[in-house]
Amino acid sequence: MSDYHVNIFWSDEDRAYVADIPDLEHCSAFGSTPQEALEEVLVAKQAWLETARERGVPIPEPRYRAEAVAARR
């Protein structure tokens, strides 16, 4: 089974790194480094999944795949 894709990016507005999991609505976290944001979103993912199970909410299969972007020269 594949796992959920995680996006990590810098947010000027939040002045922090943001990690999100597109397949899990509203599942995101902040960190002062990319690693910290990743660690925090993995905690958020577990909480999201546990809450969904407790409430009987369907858990989506991992589907999101980032598009490959060619480097411009």
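The values are calculated or read from the model by the stated rules, or taken from the named source; none is laboratory data. It should be emphasised that the depicted structure is a prediction, and the values quoted were computed from it without experimental measurement. Neighbour counts are summed over all protein chains in view; Cβ atoms, including those assigned to glycine, are modelled from backbone coordinates with ideal geometry. Only protein heavy atoms, including side chains, enter the accessible area calculation; ligands, DNA and RNA are left aside. Shrake-Rupley method; radii C 1.70, N 1.55, O 1.52, S 1.80 Å.
Confirm whether Asp3 is at pLDDT below 95 and either acidic (Asp, Glu) or not in a loop (DSSP other than H, G, I, E, B) (or both). Steps first, please.
Values: at pLDDT below 95: yes; either acidic (Asp, Glu) or not in a loop (DSSP other than H, G, I, E, B) (or both): yes.
Taking the combined requirement at face value, the residue satisfies it.
What residue, of Leu42, Leu24, is under 8 Å from the mean Cα position of the chain (by Cα), assigned to a loop (DSSP other than H, G, I, E, B) and of a type in the set (A, V, I, L, M, F, W, C)?
Values: Leu42 fails: assigned to a loop (DSSP other than H, G, I, E, B).
Within the list Leu42, Leu24, the selection yields Leu24.
Condition check ((1) surrounded by 16 or more Cβ atoms within 10 Å (Cβ to Cβ); (2) under 18 Å from Ala66 (Cβ atoms)) across all residues:
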site: His5; (1), (2): no, yes
site: Ile8; (1), (2): yes, yes
site: Asp14; (1), (2): no, no
site: Val18; (1), (2): yes, yes
site: Glu25; (1), (2): no, yes
site: Thr33; (1), (2): no, no
site: Val41; (1), (2): yes, yes
site: Ala47; (1), (2): no, no
site: Thr51; (1), (2): no, no
Matching option when the condition is in a loop (DSSP other than H, G, I, E, B) and either at pLDDT 95 or above or out of contact with any His (no Cβ under 9 Å at 6 or more places or on another chain) (or both), among Ala29, Ala37, Ala68: Ala68
Pairs with Cβ under 9 Å, 6+ apart, first in region 50-62 and closer than 14 Å to Ile21 by Cβ, second open to solvent by less than 100 Å² (accessible area, probe 1.4 Å) and part of a helix (DSSP H, G or I): Ile59/Trp48; Ile59/Leu49; Ile59/Ala52
